[in-house]
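Just below is one structure, and these are the notes that go with it.
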Amino acid sequence: MGAVLSDEQVESYRRDGFLKVEGFVDRSRCAALRDAANAIVGDFQPNERRTVFTTSEQERVSDQDFLSSGSGIWCFFEEEAFDADGRLRQAKELSINKIGHAMHDLDPTFESFSYTSDLAGVAADIGLADALALQSMYIFKQPHIGGEVGCHQDAAFLYTDPMTVTGFWFAIEDATLENGCLWAAPGGHRTSLRKAFKRLVPYGEPGSDEGGTEFEVFDESPLPAAPAELVPVEAPAGTLVLLHGLLPHWSDVNRSARSRHAYSLHCISAAAEYPSWNWLQRPASLPLRSLAATAVAA
């Protein structure tokens, strides 16, 4: 498999902890993924819990739907989707925060988008030649109510020893300052992991999915203040943004009339340890797959 990134791009990623690659995905493929996501939402029948994805790190949801979604496909509502009486303020299709977290293995359109030779080549170029696809998220950033995602490090939520988690974030629609683009701290990946999001009951033990979660703090040092200490990463549709697992990044609430659809795939090294206390777990019947071994030509 030949190199996809130039030496300059790899050096930029290593220096900054993120890299923007415009035009990585054809806009027609972005449109196909958007259609597939909308179809999932259209078919989604929420249960009485109507799980909300809470974007504050201090109040992360940890109910059964969330903790079991690592091996399924589930839709999570925006915090502001409901009125005081618990009724949707707008159509269901405009109320979903994200879909997660195994579409890349369970939905054929997401699978073909995720497992490509180009993406496997990018992973190898940045030193993740044995990348396993761990988690996928389709993020809607809905008009007017698209929630803020607080400044965080991905390794806090997808912990490995050693740290290997890497985010492959795709702009499915144009991401701008107005509709809540990513912001990042250049060089911020050269710091420590501040905390880890852990199951109270490790996976496989009785009550694991109902046992709740907590943060274990490793370093009290604050993450960069958002947005003052971050830089915006505006990205036209089709752009790939690579995100180092220790990179602090953030996105603002979307108060504009335009959505900001994005797709995020997180990968880890096959050689790294993935603890059973990580919130996201998959049963033996749905093993993680290699990005390179499963890849097809885009």
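The values are calculated or read from the model by the stated rules, or taken from the named source; none is laboratory data. Keep in mind that this is a model prediction, so the values were computed, not measured. Heads up, the Cβs are rebuilt from the backbone with ideal geometry, glycines too, and the neighbour counts pull from every protein chain shown.
Quick notes on this one:
- When A91, A81, A131, A124 are checked against the criterion of being within 25 Å of Q281 (Cβ to Cβ) and either crowded, with 16+ Cβ neighbours inside 10 Å or over 15 Å from the mean Cα position of the chain (by Cα) (or both), a single residue qualifies: A131.
One line per residue, one yes/no per condition, for (1) assigned to a loop (DSSP other than H, G, I, E, B); (2) not aliphatic (A, V, I, L, M):
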residue	(1), (2)
P202	yes, yes
L223	yes, no
L242	no, no
L247	yes, no
W250	no, yes
R258	yes, yes
C267	no, yes
L280	yes, no
L286	yes, no
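- Filter pass, E234 being of a type in the set (D, E) and either over 19 Å from the mean Cα position of the chain (by Cα) or crowded, with 18+ Cβ neighbours inside 10 Å (or both): no
- Y263 fulfils the conditions (1) in contact with a Phe, Trp or Tyr (Cβ under 8 Å, 6 or more places away or on another chain); (2) at pLDDT 95 or above; (3) at negative phi; (4) part of a loop (DSSP other than H, G, I, E, B) except for a single criterion, (4).
- Helices (runs of 4 or more DSSP H) lying entirely in the range 56-171 (those with 2 or more residues that are among the hydroxyl-bearing types (S, T, Y) and modelled with pLDDT of 95 or more): 108-114
- Members of the range 209-221 found to be free of Cβ contacts under 8 Å to residues at least 60 places away in the same chain and assigned to a strand (DSSP E or B), listed by number: E214, E216, V217
- Pairs with Cβ under 7 Å, 6+ apart, first in the range 20-32 and over 22 Å from H249 (Cα atoms), second part of a helix (DSSP H, G or I): R29/F113; A32/T109
- Pick from the range 266-298, criterion surrounded by fewer than 16 Cβ atoms within 10 Å (Cβ to Cβ), of a type in the set (A, V, I, L, M) and closer than 29 Å to N38 by Cβ, ranking: modelled with the highest pLDDT: L286
- Residues (hydrophobic (A, V, I, L, M, F, W, C) and in a loop (DSSP other than H, G, I, E, B)) located in the range 173-200: L177, C181, A185, L193, L200
- Yes/no for F215 being in contact with a strand residue (DSSP E or B) (Cβ under 8 Å, 6 or more places away or on another chain), closer than 14 Å to F157 by Cα and surrounded by fewer than 17 Cβ atoms within 10 Å (Cβ to Cβ): yes
- Some residue of the range 228-237 being modelled with pLDDT of 95 or more, under 27 Å from P162 (Cα atoms), touching a Leu at 6+ places or on another chain (Cβ under 9 Å) and in a strand (DSSP E or B): no
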